[in-house]
Amino acid sequence: MKKTLLFCLLTSSLSLLTFCAKEGPGGKATIKGRVMMNSTPVPGAVVYIKYGATQSPGSNITYYDASVNANSSAAFEFNDLKKGDYYLFAVGFDSTLVQTVTGGVAAKLSSKTAVITADVPVGP
């Protein structure tokens, strides 16, 4: 009887942890996009992501949970995410302006397997 009760408590606890899973890695959803200065791609920018955020935590990159480099087309992708809210922040170099550009955007994954496009607008 004790083993059955213990098994039920452990199973219930694990179920609650699964249902209460926070944003971040460990899922099947994807956020992808491009880093853009107006309508011009910013290749090679670094894109940072903050899990569980709908607003910018600031420009200090230590506030973010992970990062990826945009490719030569300014495209980036964060894979294997859980459903929830995220904030993306990008830092790049605009060769036309010859200066660093930054910017951010909120993104929401509304399902466990969502694939959304969230272009990150940047400026001086």
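The values are calculated or read from the model by the stated rules, or taken from the named source; none is laboratory data. None of the values given here were measured: they were computed from a predicted structure. With ideal geometry, Cβ positions are generated from the backbone for all residues, glycine too; neighbour counts draw on all protein chains shown.
Restricted to region 37-51, and to residues that are under 15 Å from residue 77 (Cβ atoms) and either of a type in the set (A, V, I, L, M) or at pLDDT below 95 (or both), which residue is farthest from the chain's Cα centre (by Cα)?
Restricting to residues being under 15 Å from residue 77 (Cβ atoms) and either of a type in the set (A, V, I, L, M) or at pLDDT below 95 (or both), the top hit is 45.
Take residue 62 and tell me if it is touching a strand residue (DSSP E or B) at 6+ places or on another chain (Cβ under 7 Å), not in a strand (DSSP E or B) and not small (Gly, Ala, Ser). So that I can check it myself, show each step before the final result.
Working: touching a strand residue (DSSP E or B) at 6+ places or on another chain (Cβ under 7 Å): no; not in a strand (DSSP E or B): yes; not small (Gly, Ala, Ser): yes.
When the stated conditions are applied, residue 62 does not pass them.
Here's a check for you: in region 65-91, which residue that is surrounded by 21 or more Cβ atoms within 10 Å (Cβ to Cβ) and out of contact with any Gly (no Cβ under 7 Å at 6 or more places or on another chain) is nearest to residue 119 (Cα to Cα)?
74
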